[in-house]
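Coordinate-derived values only; no laboratory data. Since the model is a prediction, treat every value here as computed from it, not as a measurement. FYI the Cβ positions are ideal-geometry reconstructions off the backbone, even for glycines, and counts take in every protein chain you see.
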Amino acid sequence: MPTPEFRGAAEHLCASAELAERGLALVFDVLQYGEPVRAFALRFDGRVVAYLNRCVHVPTEMDWQHGVFLDGDQRFILCSTHGAAYEPLDGRCVGGPCGRGRLTALAVEERDGQVYWYPSRDIRPVSFDAPGPRGEP
């Protein structure tokens with residue numbers, strides 16, 4: 001369930017069945033501080049978790065191939081660029097150049113066979129019908 005920090009209305013991501021245990025992640029677009037960023041959701045140990053697709057070490061996308069975030073043993077989220085390793089359930093750095101960092105989590109909820117994420121003050125959904133810069137369509 002969302003914490004008080006997450007105030008936005010639930011945003012639908014996918015059907016629960018689309019996220020296989022330790023399988024491919026669902027990659028989707030969000031806005032962080034108004035700038036486009038990719039995020040991902042995956043199922044690990046029966047839980048759905050979601051993070052910004054940004055390594056703590058260097059803010060680069062981490063997937064090896066589209067939707068592939070876990071290492072060969074499917075134990076850790078691994079940055080394909082520098083090998084930083086993260087604990088999937090809490091995003092905490094467990095090895096490599098990410099130090100004591102932690103991936104930026106998105107609040108997610110699974111209910112009625114569907115997966116939802118909750119926007120926060122800093123991370124918002126992409127609005128495809130919003131005007132462009134300076135009010136341009």
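Annotations for the structure displayed:
- When we screen A17, A39 for residues that are outside any loop (DSSP other than H, G, I, E, B) and over 16 Å from R111 (Cα atoms), the only hit is A39.
- Just so you know, in region 76-87 the residues that are in a loop (DSSP other than H, G, I, E, B) and of a type outside the set (D, E, K, R) include one that is surrounded by the most Cβ atoms within 10 Å (Cβ to Cβ), and it is C79.
- Filter result for Y51 (among the hydroxyl-bearing types (S, T, Y), more than 19 Å from D122 (Cα to Cα) and surrounded by 19 or more Cβ atoms within 10 Å (Cβ to Cβ)): no
- Looking only at region 70-98, and only at residues there that are β-branched (V, I, T) and touching a strand residue (DSSP E or B) at 6+ places or on another chain (Cβ under 9 Å), the one that is nearest to L19 (Cα to Cα): I77
- Taken together, A39, A20, A107 contain a single residue that is surrounded by 21 or more Cβ atoms within 10 Å (Cβ to Cβ) and either over 12 Å from the mean Cα position of the chain (by Cα) or under 18 Å from V126 (Cβ atoms) (or both), which is A39.
- Single unsatisfied condition, S127 versus (1) crowded, with 16+ Cβ neighbours inside 10 Å; (2) part of a loop (DSSP other than H, G, I, E, B): (1)
- Single match in D63, D29, D73, D90 (criterion: of a type in the set (D, E) and part of a strand (DSSP E or B)): D29
- Candidates in region 99-120 are the residues that are part of a strand (DSSP E or B) and hydrophobic (A, V, I, L, M, F, W, C); of these, the one that is nearest to A20 (Cα to Cα) is V115.
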